[in-house]
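Written below as structure tokens is the structure these notes are about.
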Amino acid sequence: MRYFHLLLVLSWFLSIQSSYELQAAQTRVLSQLRKYLENPPSLETWEDYHGDFCNISPSARMSIKCEDNSVTELKIMGDKPVKVKEFNGLAIPNQTLSGSFSIDSFFTTLVRLTNLKVLSLVSLGIWGPLPDKIHRLSSLEILDLSSNFLYGTIPPKISTMVNLHALTINANYFNSTMPDWFDSLSNLQALSLNGNRLKGSFPSSLCKIKALTDISLSHNDLSGKLPDLSTLTGLHVLNLGDNHLDSELPLMPKSVVTILLSKNSFSGKIPKQFGELVLLQHLDLSSNHLGGIPPSPLFSLPNIRYMNLASNILSGSLSNKLTCGSKLGYVDISSNKLTGGLPSCLASTSDRRVVKNGGNCFQTRGSYCKQPSVKKFQALKLVGVVAIITGLVLILVLFVFGVFFCRKRCHLRKTSGRHAVPKRVRDNSAAGVSSELLASARFIAQAVKLGAQANPVCRVFSIEELKEATKDFDVSTYMGEGSIGKLYKGKLENGPYVAIRSLSLSKKCSIQNLKGRLDLLSKLHHPNLVCLLGHCIDSGGQDHSSTLKFHLVYEYIPNGNYRAHLSEFSPEKALKWSDRLAILIGVAKAVHFLHTGVIPGCFRNQLKTNNILLDEHNIPKLSDYGMSLIREEIEKLEATGESPISCQTTAMEDDVYNFGFILLESLVGTIASEKGEEYFLTEKASFGSQDGRRKIVDPIVLTTCSQESLSIVVSITTKCISPEPSCRPSFEDVLWNLQYAAQVQATADADQKSDSA
């Protein structure tokens, strides 16, 4: 019995020692991997943990998870987007690891983490052919090696990694034939090989994997036939854009939500079966060779939101009984050969639906759909030549005349300058100034500093001008409720369209103070701010009521608000990720200017997607900014002794918090603003993995973004919506991160274009 107890103690001691040695071995592996990766900034925190890597706090760029003293999850994101330079005809990575890096040694070390289930090594500059030994990570469920410089062949032994659920190797340089051994990966749910140089045909072995939900093989060199995909009963996303596939369109599974097949060479008619895909939301078949008439039921699918059939050879007449689904927000049938009349639901563009139909022959009787005769063409050519010659002669004459005129004018200035009399400046100062005016003196003084020399004070409109502009504030000009008051669209006499905000004020309000604040707002000129043009105070004539009408006149921005351009709410605009980033950067610049570009800073700026307006070039303009200054005067806060700009720190953090929801809405759609903080807290964990993001991020974002760019924005969004105000970043940090994300995205887009060139 004594020996038995001794054996138990000895075995217990050996198990502790074995566990310790295992942990030590894992630690050595991680330390060695960091050296191979040449100490990227995302791993700087490892220096503070002496062997205890499992307790490192995760970040957007690095996370480690452990079970039973073994690493089961390793995620590292670097900052080395792939750029390529040519040297003696050979493509050399410009932002990769150094020439001493050995990919074989790196993976020899890596595969010693035998219990890894999740491995993500993104934008780390890893270069070389991917070693076959990666299959030794037999427990892997998620593998992501995107945005590196891996080339050659995708190792065939990956086919033995039967536990894989997601295989993502986007934006690399694999240039071999597309492998066709995927059917051995029976648990595979998502395959993403976008932005490589893979050749050959679509792998038919994928059709045997029942678990598949996502297939993304865009921006490659695939050609040939696309097989029947109806057997993939769980498929949600099919993204094969920018290839050379040239078959007829196959049957699709009824589960599909997104079909992206643009920029291929598909021919034949759009199958009638497409009109039975009741879950379909996004369909892009543009830039192919599809003919015939699109199936009428396609337009009335219950969930269809975005449909792009442009640049094909569709012909014939659409049924005049064709109906559109209630969620269909964007339809592009331009650049085809369609004739006849447009169905009523496609006849015009509205706030609910945008329709593009140019380049067809709808109800055309002129020469647009007819080829011009040779004689007409020659006549037009002759007219063009004559016009060019005449224009050049006219430009020469104007130039000579201009030189003569300028010399004459300069001579007159010199002679008249000797007798110039200085202008008399009117002194508007007064010995006595009201206490109310002094209370707002800082606003008026700042208004002067902001450009009184170059810009007039806020223009005063008459009520007659505004009534004429709005047809006496007719209901047809009403645009809705703003953050304060009602909004009307007006047309000034011999002038531009304007937006007019109308509200009621108590006659007890200090009009002088209010004018001082308006002068400040009218001086806030920034490319991304809606300009305040002027105001009008309507006292109502002989009306002795206790209120008066107050109108603010703004420039009119024609292209709607940003919320209407987000795909979940109105997918017709279909803003790509790069477009959304450009809009967000513009708004962030405007808010940063409001916070730091004026004294006192302008806070609590009604930041929400409804208040971001887009002009005809999709340049964002923030509206409703500075309304806190107006509201404070209306509510008479000065009566309580509170400063109009008190609590600036909290106000600034409030703007950051609200901008965080604009970022969130840009990522996932309008549900973010509808449910607010509750939604964010519920779904916050989903942003941590690619599988989670697939479930909640807008499909248009997922199919047009690079993972690195997306991760940067997810990280700054999470910080902005932090419940603790002190943890929220400054707007300068927000702007920097957005600009960095845009730079990363631009690099990824350029690489994809160069790959497909």
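The values are calculated or read from the model by the stated rules, or taken from the named source; none is laboratory data. Computed from a prediction, not measured in an experiment: that's the story for all the values here. Cβ: placed from backbone, ideal geometry, glycine included. Neighbour counts: every protein chain shown.
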Next item on the list: Sort through LEU167, LEU188, LEU206, LEU226 and tell me the only one that's in a strand (DSSP E or B) and outside the structural domain of GLN707 (by TED's automatic domain parsing).
Entry: LEU167
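Which of the following residues is at pLDDT 80 or above, crowded, with 17+ Cβ neighbours inside 10 Å, touching a Cys at 6+ places or on another chain (Cβ under 8 Å) and of a type outside the set (Ser, Thr, Tyr): ILE134, ILE126, ILE76, ILE64?
Working: ILE134 fails: touching a Cys at 6+ places or on another chain (Cβ under 8 Å); ILE126 fails: touching a Cys at 6+ places or on another chain (Cβ under 8 Å); ILE76 fails: touching a Cys at 6+ places or on another chain (Cβ under 8 Å).
That would be ILE64, the only listed residue that is at pLDDT 80 or above, crowded, with 17+ Cβ neighbours inside 10 Å, touching a Cys at 6+ places or on another chain (Cβ under 8 Å) and of a type outside the set (Ser, Thr, Tyr).
Residue-by-condition table, conditions (1) surrounded by 16 or more Cβ atoms within 10 Å (Cβ to Cβ); (2) in contact (Cβ under 8 Å) with a residue 12 or more places away in the chain; (3) touching a helix residue (DSSP H, G or I) at 6+ places or on another chain (Cβ under 8 Å):
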| residue | (1), (2), (3) |
| --- | --- |
| HIS289 | no, yes, no |
| PHE299 | yes, yes, yes |
| TYR330 | yes, yes, no |
| ILE333 | yes, yes, yes |
Margin query: Looking only at the range 581-604, count every residue that is at pLDDT below 85 and either among the small types (Gly, Ala, Ser) or under 21 Å from VAL498 (Cα atoms) (or both) and tell me the total.
Written below: 2
Note to self: Restricting to the range 510-531, count the residues that are at pLDDT 80 or above and touching a strand residue (DSSP E or B) at 6+ places or on another chain (Cβ under 6 Å).
What the structure shows: 4
Note to self: The conditions are (1) of a type in the set (Val, Ile, Thr); (2) crowded, with 21+ Cβ neighbours inside 10 Å; (3) under 29 Å from ASP691 (Cβ atoms), and ILE270 fails exactly one of them. Which is it?
What the structure shows: (3)
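Given VAL71, VAL82, which one is modelled with pLDDT under 90 and either in contact with a Pro (Cβ under 6 Å, 6 or more places away or on another chain) or not acidic (Asp, Glu) (or both)? Full working, then the answer.
Working: VAL71 fails: modelled with pLDDT under 90.
Among VAL71, VAL82, only VAL82 is modelled with pLDDT under 90 and either in contact with a Pro (Cβ under 6 Å, 6 or more places away or on another chain) or not acidic (Asp, Glu) (or both).
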Next item on the list: Find the residue count for the range 702-757, including only residues that are part of a helix (DSSP H, G or I), charged (D, E, K, R) and more than 15 Å from the chain's Cα centre (by Cα).
Entry: 6
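Among the residues of the range 681-698, is there at least one that is without any contact (Cβ under 8 Å) to a residue 12 or more places away in the chain and acidic (Asp, Glu)? Break it down into steps so the answer makes sense when it comes.
To start, the set of residues in the range 681-698 that are without any contact (Cβ under 8 Å) to a residue 12 or more places away in the chain comprises 681-682, 685-686, 692, 695.
Retained after the next criterion (residues that are acidic (Asp, Glu)): none.
Looking through the range 681-698, none of the residues is without any contact (Cβ under 8 Å) to a residue 12 or more places away in the chain and acidic (Asp, Glu).
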Note to self: Exactly one of these conditions fails for SER102: (1) under 24 Å from LYS35 (Cα atoms); (2) over 27 Å from the mean Cα position of the chain (by Cα); (3) surrounded by 18 or more Cβ atoms within 10 Å (Cβ to Cβ). Give me its number.
What the structure shows: (3)
Notebook entry, point to check: Hey, does the range 44-51 have a residue that's surrounded by 12 or more Cβ atoms within 10 Å (Cβ to Cβ), at pLDDT below 65 and assigned by TED's automatic domain parsing to the domain that holds ALA166?
Noted result: yes
